[in-house]
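The values are calculated or read from the model by the stated rules, or taken from the named source; none is laboratory data. In this text the structure is predicted, and so the values were computed from the model without any measurement. Neighbour counts run over all protein chains shown; Cβ positions are idealised from the backbone, glycine included.
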Amino acid sequence: MKIIESELNLFNKDLADTINNNPNKISKNICDFIFLKSKKIRPILIFLVAKSLNLDISKQLIYLAVATEIIHNATLIHDDIIDNANIRRGKVSLNIELGNNLSVLSGDILLSFAMQKLIKCENMEILNIFAKSLTKMCIGEINQQFSLNTITTVEDYIEKSQYKTAELFKAAFESLCILYDIKNKDNIINFSINYATAFQIKDDLINILKTDKTKPSLSDIYNGIYTLPVILLAQENEENFKNLTKEEIIDKLLTDSKVINETKNLIEKYANKAIDSLNFIRDNQYKNKIIELTQDLYKAF
């Protein structure tokens, strides 16, 4: 991304150095995984928000962005083991490439790298924020395992999404506010939560619509993870939903434009709430790019 190219270059260098300065027999596998083509939306938004507020990009902010991205990748590796996934970012997943044992350790060592980065931020409050965030993310995953093949409410789904996805966004942006003593802290945190919620709903919808070939499609339903579109479909077909096979659920979803449109409307709702949270920032090219990326969550279908 051109307008934050120099910041992303610093980020990528520090990310690579973090892995390569801790050499082990799977360093190359981990490095290759992290640098496969991906959105890297967390560091991108961290830098865009900082620049929109006319902040200088400090070393501590680079460390924060690197730690956030590393934690995200660690959770992906562990998720792929849990889901028995065989593809990630268009390539063979680490659990297939290395086996579950080494894949678990890959995620674990990444979390240790993230802790090293957070310590370099030299702020105990930030460490505490991320520690609590990781706890909530794990609780979100645990709760998901206990609700497999179960239709929950839309409210429960949103709460689970905010534990699984929004918590890491929130930790990163709350920490950004602490690093720079930002007065509009609540606005920035609200942006992160609402953006992440819209992001997760979109990701779940893509899994059903099969529009992302870089990871398995329809895997959520086959794994018994019933996301928002399935919940809405169940509410619409309350009497006979429990008698449907997973194949029949998929068929109905792909032909039920009402459910798909309701899901898209919720993506747009949370995306617009995220944008509204940034009204306190004067218009500039960085803010405009944030708005563009946020609107893409519901426009790019």
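(1) in contact (Cβ under 8 Å) with a residue 40 or more places away in the chain; (2) out of contact with any Asp or Glu (no Cβ under 7 Å at 6 or more places or on another chain); (3) more than 17 Å from residue 32 (Cα to Cα): which one isn't true of residue 57, the others all being true?
Result: residue 57 passes all but (2).
Applying the selection to segment 158-187, what residues are within 16 Å of residue 273 (Cβ to Cβ), in contact (Cβ under 8 Å) with a residue 40 or more places away in the chain and buried (at least 21 other Cβ atoms within 10 Å of the Cβ)?
Answer for segment 158-187, where residues must be within 16 Å of residue 273 (Cβ to Cβ), in contact (Cβ under 8 Å) with a residue 40 or more places away in the chain and buried (at least 21 other Cβ atoms within 10 Å of the Cβ): 161, 169, 173.
List every residue pair whose Cβ atoms sit under 8 Å apart, with the two residues 6 or more apart in sequence or on different chains, where the first one lies in segment 235-257 and is touching a residue at least 40 places away in the same chain (Cβ under 8 Å) and the second, anywhere, is outside any helix (DSSP H, G or I).
241/151; 250/218
Name the residue that is nearest to residue 230 (Cα to Cα), counting only residues in segment 247-301 that are among the small types (Gly, Ala, Ser) and surrounded by fewer than 16 Cβ atoms within 10 Å (Cβ to Cβ).
Initially, segment 247-301 is screened for residues among the small types (Gly, Ala, Ser), giving 257, 271, 274, 277, 300.
This time we only want the ones that are surrounded by fewer than 16 Cβ atoms within 10 Å (Cβ to Cβ), so: 257, 300.
Working: 257: 13, 300: 21 Å.
Looking at residues that are among the small types (Gly, Ala, Ser) and surrounded by fewer than 16 Cβ atoms within 10 Å (Cβ to Cβ), I get 257.
Looking at (1) crowded, with 22+ Cβ neighbours inside 10 Å; (2) modelled with pLDDT under 95, which one does residue 64 not meet, given that it meets all the others?
Checking residue 64 against (1) crowded, with 22+ Cβ neighbours inside 10 Å; (2) modelled with pLDDT under 95, the one that fails is (2).
Within the bounds of segment 93-113, is there any residue that is closer than 24 Å to residue 290 by Cα and in contact (Cβ under 8 Å) with a residue 12 or more places away in the chain?
Kept after step one, since they are closer than 24 Å to residue 290 by Cα, are these residues of segment 93-113: none.
Among the residues of segment 93-113, not one is closer than 24 Å to residue 290 by Cα and in contact (Cβ under 8 Å) with a residue 12 or more places away in the chain, which makes the answer no.
When only residues in segment 81-105 that are touching a Ser or Thr at 6+ places or on another chain (Cβ under 6 Å) and either at positive phi or at pLDDT 95 or above (or both) count, which is surrounded by the fewest Cβ atoms within 10 Å (Cβ to Cβ)?
90
If I filter segment 118-157 down to residues being under 17 Å from residue 193 (Cβ atoms) and of a type in the set (Lys, Arg), which single residue comes out as surrounded by the most Cβ atoms within 10 Å (Cβ to Cβ)?
136
Please work out which residue is surrounded by the fewest Cβ atoms within 10 Å (Cβ to Cβ), limiting yourself to segment 4-25 and to residues that are in contact with a helix residue (DSSP H, G or I) (Cβ under 6 Å, 6 or more places away or on another chain) and under 17 Å from residue 89 (Cβ atoms). Give the derivation first.
Here is the first cut: in segment 4-25, the ones in contact with a helix residue (DSSP H, G or I) (Cβ under 6 Å, 6 or more places away or on another chain) are 4, 7, 10-11, 14-15, 18-19.
Subset that is under 17 Å from residue 89 (Cβ atoms): 15, 19.
On the way: 15: 24, 19: 20.
For segment 4-25, the residue satisfying everything is 19.
Taking residue 133 as the residue in question, decide whether it is of a type in the set (Ser, Thr, Tyr), in contact with an Asp or Glu (Cβ under 6 Å, 6 or more places away or on another chain) and closer than 20 Å to residue 42 by Cβ.
On the way: of a type in the set (Ser, Thr, Tyr): yes; in contact with an Asp or Glu (Cβ under 6 Å, 6 or more places away or on another chain): yes; closer than 20 Å to residue 42 by Cβ: yes.
Yes; evaluated as a whole, the condition is true for this residue.
Please specify each residue of segment 273-290 satisfying the condition of being farther than 13 Å from residue 194 by Cβ and in a helix (DSSP H, G or I).
285, 286, 287, 288, 289
Please go through segment 137-193 and give me each residue that is part of a loop (DSSP other than H, G, I, E, B), closer than 30 Å to residue 243 by Cα and of a type outside the set (A, V, I, L, M, F, W, C), ordered by number. Talk me through it step by step, then tell me what you get.
Looking only at segment 137-193, we keep the residues that are part of a loop (DSSP other than H, G, I, E, B), and these are 147-153, 181-184.
Next, only the ones that are closer than 30 Å to residue 243 by Cα stay: 147-153.
Hits for segment 137-193 are 147, 149, 150, 152, 153.
Can residue 133 be described as within 17 Å of residue 274 (Cβ to Cβ) and of a type in the set (Gly, Ala, Ser)? Write out each step before concluding.
Details: within 17 Å of residue 274 (Cβ to Cβ): no; of a type in the set (Gly, Ala, Ser): yes.
Against the criterion (within 17 Å of residue 274 (Cβ to Cβ) and of a type in the set (Gly, Ala, Ser)), residue 133 does not qualify.
When you scan segment 146-166, do you find a residue that is closer than 20 Å to residue 77 by Cα and of a type in the set (Lys, Arg), even just one?
Looking for residues that are closer than 20 Å to residue 77 by Cα and of a type in the set (Lys, Arg), one finds at least one in segment 146-166, hence yes.
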